[in-house]
Amino acid sequence: AGILASKRRVVRAVTLQCVAMKHTLRRPFRLLLLIAACSLVTTSLTMGDEPAVLSRILFGSCIKQEQPMPILETIVAERPELFIFLGDNIYADTTDMEVMRAKYAKLRADAGFAKLLKACPVLATWDDHDYGVNDGGADYPAKIESQQLFVDFWNDPPDSPRRSREGVYDASMFGPAGKRVQVILLDTRYFRSPLVTGDQQVGGRYVPAADPGLTMLGEAQWQWLDEQLRLPADLRIIVTSIQFLPSASGQETWANLPLERERLLRLIASTKANGVVLISGDRHWSELSVLETDVPYPLYELTSSSLNQLHPRGTPTKNTLRALPNTFHRENYGVVEIDWSAADPSITLEIRDIDKAARLRKSVRLGQLQSAIRN
């Protein structure tokens, strides 16, 4: 945790300087400053202790703070090296910040949650319910106040960019060159345009809208993401609170804004960002998706949901990109394990239940997530 905090202070200082100079400093030079910051941190850490290699990442979403959450004890017992909260970390659903504050306090009082915070570094983004309103976007009236509560609860340091800019998107680097993991937390709420509705379908009434004026991330976050994807990393975990790959309409996914979905796919290709794996939550079931056409390499997305709830319908929506035939609908968490010992490291994606049993599992080689093998 101390290494992570030190690294963030350096990179954030350079990032804030880039923001301050954005009108006078061209983007390529801002990018060079960010790369230099990451190199500086790695060099300073290797002069003493070697940066810790990250091999076991756990994650999950959707916690009803009023319900028991014994799965957090299971997660702590797994000895994670990093845990990521994908969103719906509380169910606030309010514009009253005192109500939201009390719900955060309820989560903090849980013994398993307290143990998890002590067990490993923890990262978090939000989804609609901890943002403040079901299926909410840019028109949520209390988003500024909600962001303040969010960064306070997750103990962002005073110099955190999330305390000085709109949105809770963030990124962190772990490990030395050759074994470097980048974690990118997207904010799919603060800037998102209103969605278009149509006839009721399985999962909801949302329909795709190919309007170039609609946005998922907002231009500032898109520019930031472009710069992040150009930084040197071996494996990149992109965290999106809602599902990215599944194309079925009805539910709330990136498919509702297809031009934004295509923009991210193009950005991964144009930045030559190898090693991308997506993780998502929200759905109250778990599944693995993969896109293998019109991308530089197979793009996997592991969806984990929920940590302590069951889906009332129990059946998933259609997903033509489902990589495994089954889905899982009980309490669960996701796992990304990296075996760096091989010449071509293996990455195992799993969904595990409250008893640590693997319910979904897929292993790929890091070399399979490189654009060169597709040329």
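The values are calculated or read from the model by the stated rules, or taken from the named source; none is laboratory data. Everything numeric here is computed off the predicted structure, so don't read it as measured data. All Cβ positions, even for glycine, are placed from backbone atoms using ideal geometry, and neighbour counts span all protein chains on display. The accessibility values were calculated without ligands, DNA or RNA, using every heavy atom of the protein model including side chains. Shrake-Rupley method; radii C 1.70, N 1.55, O 1.52, S 1.80 Å.
For Ala273, state whether it is modelled with pLDDT of 95 or more, in contact with a helix residue (DSSP H, G or I) (Cβ under 8 Å, 6 or more places away or on another chain) and part of a loop (DSSP other than H, G, I, E, B). First the steps, then the outcome.
On the way: modelled with pLDDT of 95 or more: yes; in contact with a helix residue (DSSP H, G or I) (Cβ under 8 Å, 6 or more places away or on another chain): yes; part of a loop (DSSP other than H, G, I, E, B): yes.
So Ala273 fits the description; yes.
I'm trying to understand the selection: among the residues of the stretch 71-96, which are in a helix (DSSP H, G or I) and small (Gly, Ala, Ser)? Break it down stepwise before answering.
Within the stretch 71-96, the first condition is being in a helix (DSSP H, G or I), and the residues that meet it are 71-77.
If the condition is that a residue be in a helix (DSSP H, G or I) and small (Gly, Ala, Ser), then Ala77 is the only one that fits.
Count, please, the residues in the stretch 118-138 that happen to be assigned to a helix (DSSP H, G or I) and over 15 Å from Ile63 (Cα atoms). If you could, list the steps in order and put the result at the bottom.
In the first step, residues of the stretch 118-138 are kept if they are assigned to a helix (DSSP H, G or I); the result is 118-119, 128-131.
Then keep just the ones that are over 15 Å from Ile63 (Cα atoms); that gives 118-119.
Residues meeting the conditions: 2.
If we keep just the residues of the stretch 139-156 that are open to solvent by less than 40 Å² (accessible area, probe 1.4 Å) and in a loop (DSSP other than H, G, I, E, B), which is farthest from Arg205 (Cα to Cα)?
Checking each candidate, the answer is Asp156.
For the stretch 279-298, which positions are surrounded by fewer than 23 Cβ atoms within 10 Å (Cβ to Cβ) and outside any loop (DSSP other than H, G, I, E, B)? Spell out the reasoning first.
The initial filter retains those residues of the stretch 279-298 that are surrounded by fewer than 23 Cβ atoms within 10 Å (Cβ to Cβ), namely 284-285, 289-298.
If the condition is that a residue be surrounded by fewer than 23 Cβ atoms within 10 Å (Cβ to Cβ) and outside any loop (DSSP other than H, G, I, E, B), then Ser289, Val290, Leu291 are the ones that fit.
Among the numbered criteria (1) out of contact with any Pro (no Cβ under 7 Å at 6 or more places or on another chain); (2) over 16 Å from Gly218 (Cα atoms); (3) not charged (D, E, K, R), which one does Cys120 miss?
(1)
Kindly indicate whether Val99 is over 22 Å from Leu225 (Cβ atoms), in a helix (DSSP H, G or I) and either among the aliphatic types (A, V, I, L, M) or at pLDDT 95 or above (or both).
Spelling it out, Val99 is indeed over 22 Å from Leu225 (Cβ atoms), in a helix (DSSP H, G or I) and either among the aliphatic types (A, V, I, L, M) or at pLDDT 95 or above (or both).
May I ask you to list the residues in the stretch 111-168 that are in contact with a helix residue (DSSP H, G or I) (Cβ under 8 Å, 6 or more places away or on another chain) and on the phi > 0 side of the Ramachandran plot?
Passing the criteria: Gly132, Asp135, Gly167.
Criterion first (surrounded by fewer than 18 Cβ atoms within 10 Å (Cβ to Cβ) and part of a loop (DSSP other than H, G, I, E, B)) does Pro68 satisfy it?
Numbers: surrounded by fewer than 18 Cβ atoms within 10 Å (Cβ to Cβ): yes; part of a loop (DSSP other than H, G, I, E, B): yes.
Yes: the conditions hold for Pro68.
Quick one: which residue in Gly213, Gly198, Gly178 is more than 20 Å from the chain's Cα centre (by Cα) and on the phi > 0 side of the Ramachandran plot?
Numbers: Gly213 fails: on the phi > 0 side of the Ramachandran plot; Gly198 fails: on the phi > 0 side of the Ramachandran plot.
After applying the criteria, what remains is Gly178.
Scanning for something of a type in the set (Gly, Ala, Ser) and modelled with pLDDT under 95, does the stretch 49-66 turn up at least one residue?
Yes: the stretch 49-66 contains one or more residues that are of a type in the set (Gly, Ala, Ser) and modelled with pLDDT under 95.
Where the second residue is modelled with pLDDT of 95 or more and buried (at least 19 other Cβ atoms within 10 Å of the Cβ) and the first is among the polar types (S, T, N, Q) and lies in the stretch 137-155, which pairs have Cβ atoms under 7 Å and are six or more apart or on separate chains?
Close Cβ pairs satisfying both conditions: Ser146/Met100; Ser146/Tyr131; Ser146/Gly132; Gln147/Val168.
If you scan the stretch 205-220, which residues turn out to be buried (at least 19 other Cβ atoms within 10 Å of the Cβ) and assigned to a strand (DSSP E or B)? Step through it out loud before you land on a result.
First, pick out the residues of the stretch 205-220 that are buried (at least 19 other Cβ atoms within 10 Å of the Cβ): 206, 215-217.
Result: Tyr206, single match.
Look at Arg165 and say whether it is under 18 Å from Glu66 (Cβ atoms) and surrounded by fewer than 20 Cβ atoms within 10 Å (Cβ to Cβ). Write out each step before concluding.
Numbers: under 18 Å from Glu66 (Cβ atoms): no; surrounded by fewer than 20 Cβ atoms within 10 Å (Cβ to Cβ): yes.
Here the answer is no, as Arg165 does not meet what is asked.
Go through Glu337, Glu301, Glu350 for me and flag whichever is open to solvent by 40 Å² or more (accessible area, probe 1.4 Å), part of a strand (DSSP E or B) and within 26 Å of Asp88 (Cα to Cα). Give the steps one after another, and end with the answer.
Details: Glu301 fails: open to solvent by 40 Å² or more (accessible area, probe 1.4 Å); Glu350 fails: open to solvent by 40 Å² or more (accessible area, probe 1.4 Å).
After ruling out the rest, the residue left standing is Glu337.
Before we move on, is Arg313 open to solvent by 10 Å² or more (accessible area, probe 1.4 Å), modelled with pLDDT of 95 or more and either within 19 Å of the chain's Cα centre (by Cα) or not aliphatic (A, V, I, L, M) (or both)?
Details: open to solvent by 10 Å² or more (accessible area, probe 1.4 Å): yes; modelled with pLDDT of 95 or more: no; either within 19 Å of the chain's Cα centre (by Cα) or not aliphatic (A, V, I, L, M) (or both): yes.
Criteria not met by Arg313.
Can you report the number of residues in the stretch 89-103 which are touching a Leu at 6+ places or on another chain (Cβ under 9 Å) and crowded, with 20+ Cβ neighbours inside 10 Å?
Result for the stretch 89-103: 4.
Rundown of residues vs (1) under 14 Å from Asp135 (Cα atoms); (2) assigned to a helix (DSSP H, G or I); (3) open to solvent by 60 Å² or more (accessible area, probe 1.4 Å); (4) at pLDDT below 95, yes/no style:
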position	(1), (2), (3), (4)
Arg192	yes, no, no, no
Leu245	no, no, no, no
Arg263	no, yes, yes, no
Arg266	no, yes, yes, no
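Which one of these is open to solvent by 10 Å² or more (accessible area, probe 1.4 Å), modelled with pLDDT of 95 or more, in contact with a strand residue (DSSP E or B) (Cβ under 7 Å, 6 or more places away or on another chain) and not in a loop (DSSP other than H, G, I, E, B): Gln182, Gln223, Gln228? Walk me through it before giving the result.
Values: Gln182 fails: open to solvent by 10 Å² or more (accessible area, probe 1.4 Å); Gln223 fails: in contact with a strand residue (DSSP E or B) (Cβ under 7 Å, 6 or more places away or on another chain).
Every option except Gln228 fails the conditions.
Could you check the stretch 68-80 and list, in sequence order, the residues that are touching a strand residue (DSSP E or B) at 6+ places or on another chain (Cβ under 7 Å) and either farther than 14 Å from Lys118 by Cβ or of a type in the set (Lys, Arg) (or both)? Step through it out loud before you land on a result.
At the first step, the residues of the stretch 68-80 found to be touching a strand residue (DSSP E or B) at 6+ places or on another chain (Cβ under 7 Å) are 71, 75, 78, 80.
Of everything in the stretch 68-80, those that are touching a strand residue (DSSP E or B) at 6+ places or on another chain (Cβ under 7 Å) and either farther than 14 Å from Lys118 by Cβ or of a type in the set (Lys, Arg) (or both) turn out to be Ile71, Glu78.
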